[in-house]
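Okay, so here's the structure we're looking at.
The values are calculated or read from the model by the stated rules, or taken from the named source; none is laboratory data. This is a predicted model, so every value here is computed, not measured. Here the Cβ positions follow ideal geometry from the backbone for every residue, glycine too, while neighbour counts run over all protein chains shown.
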């Protein structure tokens, strides 16, 4: 079997690096013909051993994708992932999703941390990892409880395997002699130092304990955690050393400031009389140091964090309250003065620890891998998607962002950001959503929404028919004239109003705004503004199909787009411009929507050929992977994947819906669904942008993860796409009858 491990790795001074090395060699004990390679995640350069065949640059997402490609192309049978949020790059370690979702082989995951109160990204990432994994390994029963209760994970693929420990065969007294500790009662804590370790609690307790135990020596073995060192230096160690001096404990406390070898660690553990883990809070799902102490058959005193409550049950150790040095002193005094009690705890721990040796742990992993690998089905999952699987349409976040003036432009998370004020773009989109949703999702507030957004547009129109775009929260215009794009989007929304609106007063106002703007249609230069305006004219013509003047105006505007296409395209670049920028699909969509009115085969041909070109870049493995706005795509250049915006997704949905309507080719219907599913997690980060709690949509995919702000544009784009897909399902159901 050929196994790829994704983890940190020695010589990096890291508990998970040590764990991975131990696991790799433990599995090799039971399958000596196996080939085991490590894909080491780090930003530093290390002198890695031979088993490390690929270094993943921690903060370079492309490096994760390259690692997946290497694994897929080099005959590996399975991947073992050691997961800890801090190991991987991006928000909460999101980059690891790019790797595991590109794999074609089974994935086994060890979760070293499972949070009781994760943030949005942490929760979403863990759920996505479990979804992709063939097996999930946790090291405590409480971890399984958290997976069920917090993450709603079905425990069917979750297995409990304890943290492995070395063989501890060294005699207690011999170990003391080896370390020069004979004649001492040895108290031990080992591991990286940091404020959460609570070592000050033990030091303070020793003031009383040493009065009856003058030969007591407390060894604190371990370096300061690298993250702590980077931000705070040796502040915590110096604080502890100062505490020792204040309490005159210099003869009873010794710091060993090094990342000790496993040989040294075994000797320290075998030499200690009592082992202490005084962590200051309960949120510790796995403790390798505590596992080692149990494996060594140490008498343990610990605060009652999650893993300690489990490992020290049934007489395997003593629990004391968090941050209570008095109780710690009582527990230590009792253990140190009562040999029989201490030996009982040691025997209980040693008996339990025998099952945790790396030899036994390696056998369990080997048996699991032997079952998983031959039965893994590498075929793609069924990507069918039904109307019932769509999130329910909700006005909740749209209404949260809307006041009596209009819809506000931006949000901080899901809360309206008044400082950024309003824009015409978003109020035009809001009117468009409201009009398109009224057929399937109307409620008693619908009329008020239409009135609000239409009033906003009316207030922003100038005498010459153009519009202001930006307005602050004090209702002061921030520009003399708005962008051509905002003009075009407004015309599109007004066209839908003229087609859909039954109320005379709303229709009349919309008509007046539309035709006041009309003289400016031919002056537009922006390709997207022209496309939006064509969409508005098409909506109007659905209502007034015999308006020959408007048909000719559409023909003129479409002609501009065709000329842009002819000037910019060649054999390899079938597009309207020399770059792929934003809202790209709106351009072919406008041609497809215009074709039935113009009855010009060239318009249809260019619409479908540019659609095909766009999807050749943005549809990968059946899923949508957009051109990001970090850097526009140019012929022959690397395509930026971040930040991807909901605006572009919605345009793809509209484009594919119209392509399906024109051609009746099922592939376009399926790609419309694939585009919509981008919002729900079928994207490059494999995380959903739709927020079920707020009913809003996040602002985009960035290199670091999800932009969690839920502004007007992103939420309105989500619901525009929702209305189109929902109606397409209904129409498809009716057509099939």
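Name the residue, out of 4, 67, that is in a strand (DSSP E or B) and on the phi < 0 side of the Ramachandran plot. None of the others qualify; the one that does is 4.
Scanning region 610-626 for residues that are under 19 Å from residue 638 (Cα atoms) and in a helix (DSSP H, G or I) gives 613, 614, 615, 616, 617, 618.
Within region 673-704, if we keep just the residues that are more than 14 Å from residue 728 (Cα to Cα) and assigned to a helix (DSSP H, G or I), the residue that is farthest from the chain's Cα centre (by Cα) turns out to be 677. Please determine whether any residue of region 382-390 is surrounded by 15 or more Cβ atoms within 10 Å (Cβ to Cβ), part of a helix (DSSP H, G or I) and either touching a residue at least 24 places away in the same chain (Cβ under 8 Å) or assigned by TED's automatic domain parsing to the domain that holds residue 491 (or both). So far as region 382-390 goes, no, none of its residues is surrounded by 15 or more Cβ atoms within 10 Å (Cβ to Cβ), part of a helix (DSSP H, G or I) and either touching a residue at least 24 places away in the same chain (Cβ under 8 Å) or assigned by TED's automatic domain parsing to the domain that holds residue 491 (or both). From the set of residues in region 7-23 that are assigned to a loop (DSSP other than H, G, I, E, B) and out of contact with any strand residue (DSSP E or B) (no Cβ under 8 Å at 6 or more places or on another chain), which is surrounded by the most Cβ atoms within 10 Å (Cβ to Cβ)? Looking at the filtered set, the residue picked out is 14. Against the numbered list (1) surrounded by fewer than 21 Cβ atoms within 10 Å (Cβ to Cβ); (2) part of a loop (DSSP other than H, G, I, E, B), residue 670 comes up short only at (2). Being without any contact (Cβ under 8 Å) to a residue 24 or more places away in the chain and within 23 Å of residue 306 (Cα to Cα): is that true of residue 86 here? So residue 86 does not fit the description; no. Against the numbered list (1) more than 28 Å from residue 155 (Cα to Cα); (2) at pLDDT 90 or above; (3) part of a helix (DSSP H, G or I), residue 26 comes up short only at (1). You will find that of 571, 577, the residue that is in contact (Cβ under 8 Å) with a residue 40 or more places away in the chain and not in a helix (DSSP H, G or I) is 577 and no other.
For region 462-480, the criterion of a residue being in a helix (DSSP H, G or I) and in contact (Cβ under 8 Å) with a residue 12 or more places away in the chain is satisfied by no position.
Looking only at residues of region 257-295 that are over 39 Å from the mean Cα position of the chain (by Cα) and not in a helix (DSSP H, G or I), we find that the one that is surrounded by the most Cβ atoms within 10 Å (Cβ to Cβ) is 272. When we screen 517, 442, 531 for residues that are under 29 Å from residue 606 (Cβ atoms) and under 39 Å from the mean Cα position of the chain (by Cα), the only hit is 531. Consider region 705-720 and keep the residues that are outside any helix (DSSP H, G or I) and at pLDDT 95 or above. The one that is surrounded by the most Cβ atoms within 10 Å (Cβ to Cβ) is 710. Find the residue count for region 436-448, including only residues that are part of a loop (DSSP other than H, G, I, E, B) and free of Cβ contacts under 8 Å to residues at least 24 places away in the same chain. Selection size over region 436-448: 2. Before we move on, is residue 329 surrounded by fewer than 22 Cβ atoms within 10 Å (Cβ to Cβ) and at pLDDT below 95? When the stated conditions are applied, residue 329 does not pass them. Meeting the requirement of 2 or more residues that are more than 24 Å from residue 34 (Cβ to Cβ), no strands (runs of 3 or more DSSP E) wholly within region 70-178 can be named. Please work out which one of (1) part of a helix (DSSP H, G or I); (2) buried (at least 20 other Cβ atoms within 10 Å of the Cβ); (3) over 34 Å from the mean Cα position of the chain (by Cα) is the condition residue 451 fails and give its number. Looking at each condition in turn, residue 451 falls short on (2). Does any residue of region 643-650 turn out to be more than 21 Å from the chain's Cα centre (by Cα), at pLDDT 95 or above and under 19 Å from residue 679 (Cβ atoms)? So far as region 643-650 goes, yes, one or more of its residues are more than 21 Å from the chain's Cα centre (by Cα), at pLDDT 95 or above and under 19 Å from residue 679 (Cβ atoms).
In region 645-661 there is at least one residue matching the filter, namely being free of Cβ contacts under 8 Å to residues at least 40 places away in the same chain, surrounded by fewer than 21 Cβ atoms within 10 Å (Cβ to Cβ) and touching a helix residue (DSSP H, G or I) at 6+ places or on another chain (Cβ under 9 Å).
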